């Protein structure tokens with residue numbers, strides 16, 4: 001597995017309209033994420049040309065664009081997929097472990113997320129990830145929005161339940177410690193609703209930037225109350241499962257693949 005560290009720089013302008021908590025709020029936000037690849041000791045033995053080639057091959061995993069549609073209580077977060085810059089194909093391996101279309105309802109704390117794993121469609125229904133946010137007095141501006149910093153620490157597996165690491169195949173009894181991921185979020189009270197990108201939510205204002213582990217997601221454009229009304233709809237297709245069941249399904253399939261590969265090498 002590759003180890004990634006965040007490298008993220010983006011310049012943009014955001015239009016601001018003061019909002020009142022009593023008025024109807026709906027909108028569309030575009031987020032951009034970028035991570036820097038760290039090949040560790042393996043990379044030290046590689047030429048710069050080889051590193052650039054791998055970087056180009058993994059561009060779709062290291063740089064992503066997302067769209068968040070939202071109203072006061074609901075949101076839908078989806079990745080904007082694109083062709084591989086080198087091969088012209090989609091990243092089929094990576095797509096098996098990518099976040100699917102994600103619906104959140106912050107009133108009843110419900111999650112509905114569509115996932116496709118090796119051609120089979122799942123509809124994951126569960127509770128939203130809980131964050132014990134610690135709000136600080138630190139501020140900065142993102143575009144024209146004044147943002148406040150909040151921090152939290154979350155079990156890594158809870159954030160990345162749709163992803164897969166070969167370490168997941170280790171006997172759970174061998175794992176004495178739970179890996180934790182620090183989260184840093186920047187939210188604005190100028191948009192007084194508790195939405196955010198990906199799993200993140202639950203602050204007194206809209207989250208414009210969030211960093212966790214090896215990933216930073218930053219809002220590059222936001223449109224509040226567009227002329228055309230936005231319809232929020234949860235995904236509906238797929239076998240209904242909970243997060244734990246989905247994770248075990250993925251784990252079992254990857255164990256099966258590893259066992260099959262080991263048998264072929266012995267023959």
Need the full-extension length gain, residue 48 to residue 237, defined as separation in residues times 0.36 nm minus the C-alpha distance. One decimal, nm. 63.6 nm
How high is the FRET efficiency from residue 28 to residue 252, r the C-beta distance, R0 41 Å, rounded to 0.05? 0.60
Inter-label distance, nm, simple model (7 Å from Cα along the C-beta direction), residue 163/residue 178: 1.8
Using 0.36 nm per residue of separation minus the Cα-Cα distance, give me the extension gain between residue 127 and residue 67 in nm, one decimal. 19.4 nm
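We did not get these values from a lab; they are worked out from the coordinates using the rules stated. These figures come from a predicted structure and were not determined experimentally. Positions of Cβ are backbone-derived with ideal geometry, glycine not excepted, and every protein chain shown enters the neighbour counts.
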